[in-house]
1. Which of the residues that make up the stretch 340-358 are open to solvent by less than 30 Å² (accessible area, probe 1.4 Å) and touching a helix residue (DSSP H, G or I) at 6+ places or on another chain (Cβ under 6 Å)?
2. Is it true that some residue in the stretch 242-255 is assigned to a loop (DSSP other than H, G, I, E, B), aliphatic (A, V, I, L, M) and surrounded by fewer than 20 Cβ atoms within 10 Å (Cβ to Cβ)?
3. Looking at the stretch 381-410 only, could you name the residues that are farther than 21 Å from Tyr37 by Cα, in contact with a strand residue (DSSP E or B) (Cβ under 7 Å, 6 or more places away or on another chain) and in a strand (DSSP E or B)?
4. Return the total of residues in the stretch 359-380 being assigned to a loop (DSSP other than H, G, I, E, B) and either open to solvent by less than 50 Å² (accessible area, probe 1.4 Å) or farther than 23 Å from His39 by Cα (or both).
5. Show the residue pairs that are 6+ apart or on different chains and have beta-carbon atoms under 6 Å apart, the first residue being within the stretch 368-381 and more than 20 Å from Gln434 (Cα to Cα), the second being in a strand (DSSP E or B).
6. Go through (1) more than 19 Å from Asp298 (Cβ to Cβ); (2) at pLDDT 95 or above for Asn105 and report which single condition fails.
7. Select from the stretch 108-128 the residues that are in a loop (DSSP other than H, G, I, E, B), open to solvent by 30 Å² or more (accessible area, probe 1.4 Å) and over 25 Å from Ile303 (Cβ atoms) and list them in ascending order.
8. Counting just the residues of the stretch 137-186 that are surrounded by fewer than 18 Cβ atoms within 10 Å (Cβ to Cβ), closer than 28 Å to Met414 by Cβ and small (Gly, Ala, Ser), which one comes out nearest to the chain's Cα centre (by Cα)?
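The values are calculated or read from the model by the stated rules, or taken from the named source; none is laboratory data. Quick caveat: nothing in here was measured; it's all calculated off a predicted structure. Positions of Cβ are generated from backbone atoms using ideal geometry, with glycine treated the same way; all protein chains shown enter the neighbour counts. Ligands, DNA and RNA are stripped out before the accessible areas are found, and what is left, the full protein with its side chains, is counted by its heavy atoms. Shrake-Rupley method; radii C 1.70, N 1.55, O 1.52, S 1.80 Å.
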Amino acid sequence: MVKTLGQIANQGITFLNAFTTSPICCPSRSSILTGKYAHNHKTYNNSLSGGCYGSFWKKTIEPLALPVLLSNAGYDTFFAGKYLNEYYSKAVPSGWSQWFGLHGNSRYYNFTVTENGKATSYSNEYFTDYLNSRAIGFLQKMNVENPFFAMIAPPAPHAPFTPAARHQNLFPDAKAVRTPNFNISSSSLQKHWLLTMEPSTLPAEFSDEIDSIHRKRWQTLMAVDDMVENIVTVLEEKKLLDKTYIFYTSDNGFHLGQFSQAYDKRQPYETDIRVPLLVRGPSIKPKSVHDSAVALIDIVPTILALANVELPSSIDGRPLPLNSDETTATERQILIEYWGEGTLETHNPLCPWSAEDRLQLCTVDAACHCQDAWNNTFNCVRHLAQDLNFVYCEFKDDQNFVEAYDIANDLYQMDNIAYEILPSVRAKYSLALQNLSACVGPTCNMIY
């Protein structure tokens, strides 16, 4: 019987309130590997100059990352997939026993992988199937007496959303979800100016493209389902499944038409920052659900705690309550931080905007409604408790724009209440942002 992700979830635990620490790939993947916020691991965006596989990462952060700590504790460590966007190297990062790292950003065919120090190119193999083969090979050959850690990082469903040939005709009638905030205009008091730029709503013909992307994303995930089935089957055959923790998550979300933004992930809204997090393993009650607020920075301390490895004091996250009977939310504040990437060089002359606007991702196929800008730089504090689900964001621009939403009563973030809340409440959250944006280690888990 095929074990889909849904079936695996029903055997394990689901954390409903899981969040990224940044809505783009490289900072979030760095947080998954280190347990640190982006302001501490200093990977600010997907570029080399922005710290993505840059010198600070390689010299200061990588030598103390999760695989090194586990390797020092006697674990066999295995990596296959997308590492960091600017990884184009034959070097095997510290701590990995076996390494199959993709060169560059997401690809499905025509990819190059560093295989334990040797760069090898493939043209006809589908990348998720390649990862499946390498992961199964590792599991089948490993010594079951040794503890192991395997990280498999498929790019799916990242752009260019290319499904395997066997899946390319699935879900022919699927459409992107028409949420209440789908393709609506926003006023200048409701949303940051990037979202209010023209066109205020996407022309009707763009809905077909959004639906096509939605279908392709689903199709690309079917090969991931195949891989999950195969991994679980091998663990069963080797009598390791009941001794193994399986984590399933993503490094960022994705919007499709919300607030008239065609498709991307660089906004402080639920579509972009909330991610799935499923965990299956020993002592986890089947089909259980946790409302605890968790973030990607929590994965490293959780794994280290499970491995009985001492947690470094510099880790910003905290272990997940995997074995706790307490399933209600405890109070927590989580930081989301993003640095807008628009520059003079990212100007697209095919769109009616000036280079001086420093916009980015302005494309004709998205009606020239740009997806990013220099002043799309923001910090948010997500405040959650048993009776509270609130987000407060400050944009670092000359408008000092602020957004705040009572998510408990406004799931689709239609009503920006930042200018309606009491000045004392706004000041409290502004101070919390200042503290969280400079936090290190234990101070990242305080309530401000």
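1. Ala355
2. No; the residues of the stretch 242-255 include none that is assigned to a loop (DSSP other than H, G, I, E, B), aliphatic (A, V, I, L, M) and surrounded by fewer than 20 Cβ atoms within 10 Å (Cβ to Cβ).
3. The answer is Val402, Glu403, Ala404, Tyr405, Asp406.
4. 11
5. If the second residue must be in a strand (DSSP E or B), the pairs left are Cys370/Leu359; Gln371/Asp264; Asp372/Gln360; Ala373/Leu359.
6. Asn105 satisfies every listed condition except (2).
7. Tyr109, Asn110, Gly117, Ser123, Asn124, Glu125
8. Out of the qualifying residues, it is Ala159.
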